[in-house]
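Enquirer: Got a structure for you, questions after.
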Amino acid sequence: MGGRELTAPVPLPRVCYDRPVLEVARSLLGCVLERETADGVVAVRLTEVEAYAGAIDPGSHAYRGRTARNATMFGPPGHAYVYFTYGMHYCLNLVCAPAGTAEAVLLRAGEVVAGLELTRGRQPDARDRDLARGPARLTRALAVDRVLDGVDVTAAGSPLRVLAGGPVPDAAVLTGPRVGVAGDGALTPWRFSIAGDRTVSAYRPGVRRRRS
DNA sequence: CCGACGATTTCCT
DNA sequence: GGAAATCGTCGGT
């Protein structure tokens, strides 16, 4: 790698969850997500995230209002919104707007940077680079389920925490439409990922469907 | 490499 | 009743 030698601490991006959702999503790249259980700690460096803009965003769970499932999205920022989907998978979001504004960032993929042996045991057949590649595999790698819905990821001692990571320069950031969401267009950079990182999930366009 | 399909909860029409 | 912010497996090219 050709980067300059670091002889002094560099200013790390500070994740503030009440900024505009696209900014929060961008700033989460490179941050470290830590999950602590009785078995130990597994940590993932985030390589792919997506923004969901609440009530104004047809792709968001909050678009049609509050339900029992998405209630956490309407709460304060910095908390985990965990939902269950397709009858078998969990997905993890971070709420990132003041209470009442249901914006969130979906954590789609990351690189395991601690607890590799522990998380291998949770997915014995997966290659290491696939352990947290995709939103459902990421939650499985970290043993995240609905019990963690509403947890404050900014609190010390929380079972799920987000820490600042090394800076990710703009030149290394890719943006584009969200995975599996129809009608996203190319104008809004909903999805952010680290260019060339092998842990980023495969892109799949959303399918437009007719009303039944 | 690619596309099809099943698993099975939550929400919407 | 049917689709969904998904994934692993199967069969074809």
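The values are calculated or read from the model by the stated rules, or taken from the named source; none is laboratory data. This is a predicted model, so every value here is computed, not measured. A quick note on method: Cβ atoms are made from the backbone with ideal geometry, for glycine too, and the neighbour counts reach across all protein chains shown. Side chains included, ligands, DNA and RNA excluded: accessible areas come from the protein's heavy atoms. Shrake-Rupley method; radii C 1.70, N 1.55, O 1.52, S 1.80 Å.
Enquirer: Modelling each spin label as a point 7 Å along the Cα-to-Cβ direction, I'd like the A:A182/A:D170 distance in nm, to one decimal.
Expert: Computed distance between label sites A:A182 and A:D170 equals 3.5 nm.
Enquirer: To two decimal places, what compactness ratio does segment A:136-212 give when its Cα radius of gyration is scaled by 2.2 N^0.38 Å?
Expert: 1.42
Enquirer: Moving on. What is the Å³ per residue value for the convex hull set by the Cα atoms of segment A:74-161?
Expert: Taking the convex hull of the Cα positions in segment A:74-161, it is 98 Å³ per residue.
Enquirer: Send over the Kirkwood Rh of chain A, from the inverse of the averaged 1/r over different Cα pairs, rounded to one decimal Å.
Expert: Averaging 1/r across every pair of different Cα atoms and inverting gives 17.4 Å.
Enquirer: In whole percent, and with a 1.4 Å probe on the protein chains, what portion of the accessible area of segment A:21-194 is carbon and sulfur?
Expert: Result for segment A:21-194: 55 percent of the exposed heavy-atom area is carbon or sulfur.
Enquirer: Taking every pair of alpha-carbon atoms in segment A:32-88, what share in percent sits in each 10 Å bin, from 0 to the bin with the longest distance?
Expert: 18, 41, 34, 8, 0
Enquirer: Take the alpha-carbon centre of segment A:155-212, take the same for segment A:85-125, and report the distance between them in whole Å.
Expert: Here the two parts' Cα centres lie 12 Å apart.
Enquirer: Note down the accessible area of A:L22, probe 1.4 Å, to the nearest 10 Å².
Expert: Surface accessible to solvent at A:L22 totals approximately 50 Å².
Enquirer: Under the definition of Cα pairs under 8 Å and six or more residues apart, what whole-number percent is the relative contact order of segment A:21-194?
Expert: Computed value for segment A:21-194: 27 percent relative contact order.
Enquirer: Mind listing the phi-derived Karplus ³J(HN,Hα) values for segment A:97-103, rounded to whole Hz, using 6.51, -1.76 and 1.60 with θ = phi - 60°, and x for any glycine or proline?
Expert: Karplus-based 3J(HN,Hα) across segment A:97-103 equals 8, x, 3, x, 10, 8, 9 Hz.
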